[in-house]
Structure formats: C-alpha cells, structure tokens
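*Asks:* Dropping a structure here in structure tokens format, bear with me for questions.
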Amino acid sequence: MPAGAGELRIVVPGYVDPSNSVYWESVIQSGPQVRDVIVNPASGPGAAVSEPYFRLIGALRDAGVRVLGYVSSGHGDRDPAMVTEEIGRWRAWCGVENVFLDEAAAVADQVPTYAGYAATVHEAGGIVVLNPGVIPERSYFEFADAIITFEDPVDSYLKPREHPGWLSTQTHAEVWHIVIGAPQNRLDDVVDRARQLGADEIYITDDVEPNPYDSLPPYWSAKLDAVGQ
C-alpha cells in the first residue's frame, strides 16, 4: 500500500486501550487516509493474547489501515533474542507481520543488529519501521521500509536546519515524522514543512510529554483535511 509520489499520509501511534471507543472510532473512520496505525498492548504484544486487541486489529484492517506491531529495541541494547521473539509473537498471536521497532539505534555499529531484525520481518512478508527519532546512519535506509527521522516538539520541527540531500533522493526507505505540542494555529505550517522535507507520513498532535500519544488532537478533522490537500 505505498503512498504515491509526493503524497503525504498519516500514521497514528495508537497507544490507547481498545476500550476507548471514541478514540478508535475516529481513527477507523479515517482509513485509508490514515495509512498506518501502531498497536501497542503492553510496550509490545504483551504476555498473552488479547481478544480486544485482536478485534481492534481486524477493524483497522477492514477500514483499509495497515497495522504495525510495537516492539521496543532499547536503542540496540535490548537482548536481540527477546526482540526477535516479540516480532514472532505478533505474527503468531495476531497475524501482524508488520513491525514498528521503537527506540531504534542510529549509529553504524548497530546496523547489523537491525538488519537482522528487518530480515526476520521481511521473511514473514511484513514491513519494518524504525524509530530512532533522528536521521540515522545512512546504512539503515538500505533495509528499513520506513524510518521516523523526527520525533520532537513543533518548535524544533519548524526551525530552519540542513538536511542531507540523499535523504529525499537516494534512499529506499520512506521518511516519517512525529510532531508533538503543535497547536492548531501551526497545523498548516507543520504540513507545509513536512511536504518541503519530503516526508511520506506524519503524525501531528498538540499533546505533550510525558505521554503525547494518549489522545487524538482536538483538531483531528482539520488535520485530515490539511494532510489531504
């Protein structure tokens, strides 16, 4: 389900319990403009099959949304066997082949570890999305399907800064951005900046730390309109 050239779509870090029907109905009704949703029962797939999450995954897929299973990778410090086991658990329990590796490393010496994770996901027919939250060493773009190169507040996002030219012209992976603490009056500026930087997917919220992902922004509909223009 690749985005078209120059087309900006929405990714949702769906770190919200399935019992929050208002939240999830808004997300589901926005598919397929919402192309990807990251599902996260317990900083990963959890210790047992969750029927509410199983049903949620089905509803998202029915709406044309691609589902990504959350797995923490500890910036490369987590035991690779545990990471690989959770990748397999998502597939075995929920039929989710696509994996979102949070806390991804960005340095060269961790490239082989993450290339191994990507190979495991690809062999099962899924895609792998890495979240270092910064632009990582270039080699990561050779095997990841998408990389979140920005996950920070809006002031930093809109600040003029240099980006390597190869990021938008010579990479295999898509580029995704997460922008937090953005009020509605800066929404258009953020969307314009995302297009200027060649982003493929974005999540924008007015929510802030310590948990900027526990609700949708009050301007959710306006965001759908702005991204869809």
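*Asks:* How would you classify the chain from its alpha-carbon gyration tensor, with a ≥ b ≥ c the square roots of the eigenvalues: rounded for a/c under 1.5, else prolate if a/b is greater than b/c, otherwise oblate?
*Replies:* The shape class here is oblate.
*Asks:* Output the relative contact order of the chain, whole-number percent, from Cα pairs under 8 angstrom with separation of 6+ residues.
*Replies:* 18 percent
*Asks:* Cβ neighbours within 10 Å, averaged per peptide: list 172-181, 95-104, 134-143 in order, most packed at the top.
*Replies:* Top to bottom by mean Cβ count within 10 Å: 95-104, 172-181, 134-143.
*Asks:* If you don't mind, another one. Where Lys and Arg each count +1 and Asp and Glu each count -1, what net charge lies around ASP109 among other residues with Cβ under 13 Å from its Cβ?
*Replies:* Value of the local net charge: -2.
*Asks:* Based on alpha-carbon centroids, what's the gap between segment 128-187 and segment 23-67 in Å, whole number please?
*Replies:* 23 Å
*Asks:* Another one. Kindly write out, for segment 134-140 in residue order, the coupling ³J(HN,Hα) from the Karplus curve 6.51 cos²θ - 1.76 cosθ + 1.60 (θ = phi - 60°), rounded to whole Hz, with x marking Gly and Pro.
*Replies:* Running phi through 6.51 cos²θ - 1.76 cosθ + 1.60 with θ = phi - 60° gives 9, 6, x, 3, 4, 4, 4 Hz.
*Asks:* Let me ask something else about it. Please turn the phi angles of segment 183-190 into ³J(HN,Hα) values with the Karplus equation 6.51 cos²θ - 1.76 cosθ + 1.60 (θ = phi - 60°), one per residue in order, whole Hz, x for glycine and proline.
*Replies:* Each residue of segment 183-190 in turn: x, 4, 6, 10, 4, 4, 5, 5 Hz.
*Asks:* Let me make sure I get this right: for segment 37-120, a, b and c are the square roots of the gyration tensor eigenvalues over alpha carbons, sorted descending. Under 1.5 in a/c it's rounded, otherwise prolate if a/b > b/c, else oblate. Which is it?
*Replies:* Prolate is the answer for segment 37-120, as a/c is 1.5 or above and a/b outweighs b/c.
*Asks:* Quantify, in whole percent, the carbon and sulfur part of the accessible surface of the chain (1.4 Å probe; protein heavy atoms only).
*Replies:* Ligands and nucleic acids excluded, carbon and sulfur give 49 percent.
*Asks:* Let me ask you something else. Based on the Cβ-Cβ distance of VAL134 and ALA42, what FRET efficiency does E = 1/(1 + (r/R0)^6) give at R0 = 22 Å, to the nearest 0.05?
*Replies:* It comes to 0.25.
*Asks:* Next up: Can you list residues from other chains, or at least 5 along the same chain, whose modelled amide H is less than 5 Å from the amide H of ASP152?
*Replies:* Answer set, sorted by chain and number: ILE178, ILE180.
*Asks:* Can you order the peptides 19-29, 84-94, 145-155 by their average number of other Cβ atoms within 10 Å per residue, highest first?
*Replies:* Result, highest mean Cβ count within 10 Å first: 145-155, 84-94, 19-29.
The values are calculated or read from the model by the stated rules, or taken from the named source; none is laboratory data. The structure presented is a predicted model; accordingly, all values stated were derived computationally and were not measured. Because the Cβ atoms are built from the backbone with ideal geometry, glycine has one as well, and the counts that use them run over all protein chains shown. For accessibility, only protein heavy atoms count, side chains too; no ligands or nucleic acids. Shrake-Rupley method; radii C 1.70, N 1.55, O 1.52, S 1.80 Å.
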